[in-house]
Amino acid sequence: MTAPVLIFDSGVGGLSVLAPIRALLPGLAIVYAADNAGFPYGTKSEAEIAARVPALLGRLVERYRPVLAVIACNTASTIALAHVRAALDLPVVGTVPAIKPAAEQSLTRVIGVLGTAATVRQPYVDRLSAEFAGDCLVLRHGSSRLVELAEARLAGEKVTAADVAPELAGLLDQPGGDRIDTVVLACTHFPLLATELAAASPRLLHFVDGGAGIARRVAHLLGPMAAPAPPIAGRAVFTRADAHVDALAGALKSFGLASVEIL
Ligand code: DGL
């Protein structure tokens, strides 16, 4: 196998980043790694994430020898991107809340950021808001429920608009939330619930995520290595074997991941 691109998340969320990468670069060899033994990240402390993620990525890089790694997780990126870059000798693309594109398109100048509890409390989010959305009111809400629901949906369970509505309300019901017109999906699990979130919206909301921008960044960094090639099947790797992984097989195939292995 040619050297792959490694895409990493705590669970299936990174598939929302894999999809635009595959759409742009169908011939890319992909290893999709999910740290399900450490899932969920969003309820963990900064210290736990900062210790776990660089060490695990080190093991994955040793095993799969990728040309580039994508941390397809806002929680891991906003906490540990600098540690990972310092520890690894290859280009690392992170996933950070898409506050900049949201600010570019908001007409009401009120933006919602929906992420994990760990992500929405990061100083990284303060910095993005100050730099790119200085004239906007930026409201935040952390939800671990949406992460669970995205995992459940991809494992074949039924998830409805009524299931996601209370999580969206956590944002829209805040003071000023009635003027939000743009919502940043600042957790890679959440675009997997785009249909349900749109159906649960009490008015037209624009949902923004970083997937397409990350795909363009990967193509740029790979340069000639990203030349068009026939589509090839990717591999998924999990850090623990369990019944949930078995239940995900169909969804993984639909994202082009034909085989599943355990690290
Ligand atoms: N998908 C991850 C993110 O983008 C986190 C999900 C979790 O493990 O809590 O933040």
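Please treat every number below as a calculation from the coordinates, not as lab data. Note that this is a predicted model, so its numbers are computed, not measured. Quick reminder, even Gly has a Cβ in these numbers, built from the backbone with ideal geometry, and neighbours come from all protein chains shown.
Kirkwood Rh over alpha-carbon pairs of region 57-141, then Stokes-Einstein at 20 °C and 1.002 mPa s: what D in µm² s⁻¹, rounded to an integer?
On the way: Rh = 14.0 Å.
Once the numbers are plugged in, D ends up at 153 µm²/s.
Once the cut-off is 24 Å, how many percent of the Cα-Cα pairs in region 127-224 end up in the long-distance tail? Intermediate results must be reported in sequence, preceding the final value.
On the way: 1436 of 4753 pairs.
For region 127-224, the share of Cα pairs beyond 24 Å comes to 30 percent.
Is there a quick way to get the dipole size of the chain? I mean about its Cα centre, with the Cβ of Lys and Arg at +1 and of Asp and Glu at -1; what is the value in debye to the nearest 20?
520 debye
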Problem - Distance between region 190-222 and region 44-105 - C-alpha centres, whole angstrom - result: 19 Å
Exercise for the section: Enumerate the amide H contacts of His206 below 5 Å, restricted to partners 5 or more residues apart or on another chain; note that Pro and chain-start residues carry no placed amide H. Expected result: Thr182, Val183
Problem - Ranked by how many other beta carbons lie within 10 Å on average, peptides 17-25, 43-51, 61-69 from highest - result: 17-25, 61-69, 43-51
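What size of dipole, in debye to the nearest 20, comes out for region 128-263 about its Cα centre when the only charges are +1 on Lys and Arg C-beta atoms and -1 on Asp and Glu C-beta atoms? Before the final figure, lay out the partial values.
Numbers: 11 positive and 15 negative charges, 81 e Å.
Magnitude of the dipole: close to 400 debye.
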Practice task
Let me know the volume per residue of the alpha-carbon convex hull for region 103-159, in Å³.
Solution key: 99 Å³
Exercise for the section: Note the per residue figure in Å³ for the convex hull of the C-alpha positions in region 45-191. Expected result: 125 Å³
Exercise for the section: Kindly state, as a whole number, the per residue volume in cubic angstrom of the convex hull around the alpha carbon atoms of region 189-261. Expected result: 146 Å³
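Where the eigenvalues come from the Cα gyration tensor of the chain, what are the semi-axes √(5λ) of the equivalent ellipsoid, largest first, in whole Å? Walk me through the intermediate numbers first.
Details: eigenvalues 165, 81, 63 Å².
The equivalent ellipsoid of the chain has semi-axes of 29, 20, 18 Å.
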Exercise for the section: Express the C-alpha Rg of region 1-96 as a ratio against the empirical globular expectation 2.2 N^0.38 Å, rounded to two decimals. Expected result: 0.99
Completion exercise
Contact order relative to length for region 1-158, counting C-alpha pairs under 8 Å separated by 6 or more residues, stands in percent at 24 percent
Practice task
Pick out, from Leu205, Ala162, Ala130, the residue whose Cα sits farthest towards the positive end of the charge dipole of region 58-208, with +1 on the Cβ of Lys and Arg and -1 on the Cβ of Asp and Glu.
Solution key: Ala130
Problem - Cα-centred dipole magnitude for region 85-184, charges only on beta-carbon of K, R (+1) and D, E (-1), debye, nearest 20 - result: 120 debye
